[in-house]
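A short worksheet on the structure shown next.
The values are calculated or read from the model by the stated rules, or taken from the named source; none is laboratory data. These numbers were taken from a predicted model, which means no experiment stands behind them. Using ideal geometry, Cβ is built from the backbone for each residue, glycine included, and neighbour counts are taken over all protein chains shown. Each accessible area value is taken on the protein alone, full model and side chains, heavy atoms only, with ligands, DNA and RNA left out. Shrake-Rupley method; radii C 1.70, N 1.55, O 1.52, S 1.80 Å.
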Amino acid sequence: MEKLLADEGGRPHWGKYYDEARYRWREIYPQWDAFRALRSQLDPQGRLGNDYIAPLFD
């Protein structure tokens, strides 16, 4: 099911398991780069991150 939804531009449920390789983050979240820049600016040490989301934003 996840493959079908990802292929159609669906977004993952952030609280559930998902295969991050299936998603084209910049396409499904048009402000992806702006968010990453703001996140880096507001939390430069990454204190508000965790092992779950860190790989997405590095």
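Sub-9 Å Cβ pairs linking a first residue in segment 21-32 that is over 14 Å from PHE57 (Cα atoms) to a second residue that is of a type in the set (Asp, Glu) and surrounded by 13 or more Cβ atoms within 10 Å (Cβ to Cβ), at least 6 apart or interchain, are ARG22/GLU2, ordered by first then second residue.
You will find that of ARG11, ARG24, ARG47, ARG36, the residue that is open to solvent by 90 Å² or more (accessible area, probe 1.4 Å) and touching a helix residue (DSSP H, G or I) at 6+ places or on another chain (Cβ under 6 Å) is ARG11 and no other.
Does LEU38 satisfy the condition of being modelled with pLDDT under 90 and not in a loop (DSSP other than H, G, I, E, B)?
Criteria not met by LEU38.
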